[in-house]
Amino acid sequence: MKRLTFFLFTLLFFTGTSVAGVKYVAVVETEIDVQSGASIQLNSADVRQVTAALRREAVKNLPSGKYNIMTSETVYAQGSATLEACAEENCVITLGSKIGADYIVRGIISKLRTKFTLSVEIYETENGNLVASSDLVSCDNIEDLVKEAAVTCANMYNVI
């Protein structure tokens, strides 16, 4: 019986069907705009901090009875290696749908003169619509960028 229950849950999860109206939200690895020069000063640990901040804010701001925030392990296991190769919105949306997410949260770090900037977008995977976009965050260092991202994204998550 436990195996059948687990199988049915897994089947529903990976086919994108929401259980009892719960929507799945995948916060994918934050991208670095290489052309802006941001990659010269950032490493993978910095990027993980930003992604973790976006995920924490999703957990804090989206009601748990209505939204299930997918763990980083789930996102990675179901397609993050492929998501890393995505540079376009359509690719991210398609892959988000394949991992069973109803919404994809995508952050992009760039460099503008001496400051790091972060923009965050939320897409519906069913139709590809952009449903929310954060205000642009601009900071001198990655630590401040993480703090500011949390504040900005808290407001953005209230839209979905």
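Throughout, read-outs are computed from the coordinates displayed, never taken from laboratory work. What you see is a predicted model, and the numbers here were worked out from it, not measured in a lab. Note: ideal-geometry Cβ built from the backbone for every residue, glycine included; neighbour counts use all protein chains shown.
Miscellaneous remarks
- Look at Arg55, Arg113, Arg106 and count the other Cβ atoms within 10 Å of each Cβ; fewest to most, that gives Arg113, Arg55, Arg106.
- Model label sites at Arg48 and Lys98, defined 7 Å from Cα along the beta-carbon direction, differ in position by 2.4 nm.
- Violating pairs (Cα-Cα greater than 23 angstrom) within the set Lys60/Lys115; Lys60/Lys147; Lys23/Lys147: Lys60/Lys115; Lys23/Lys147
- Potential lengthening of the chain between Glu143 and Asn155 amounts to 2.3 nm, from the contour at 0.36 nm per residue minus the alpha-carbon distance.
- Förster radius 35 Å - calculated FRET efficiency between Thr71 and Thr114 (Cβ-Cβ, nearest 0.05): 0.50
- Between Ser36 and Val59, the distance separating the two model label sites (each 7 Å from Cα on the Cα→Cβ line) works out to 2.6 nm.
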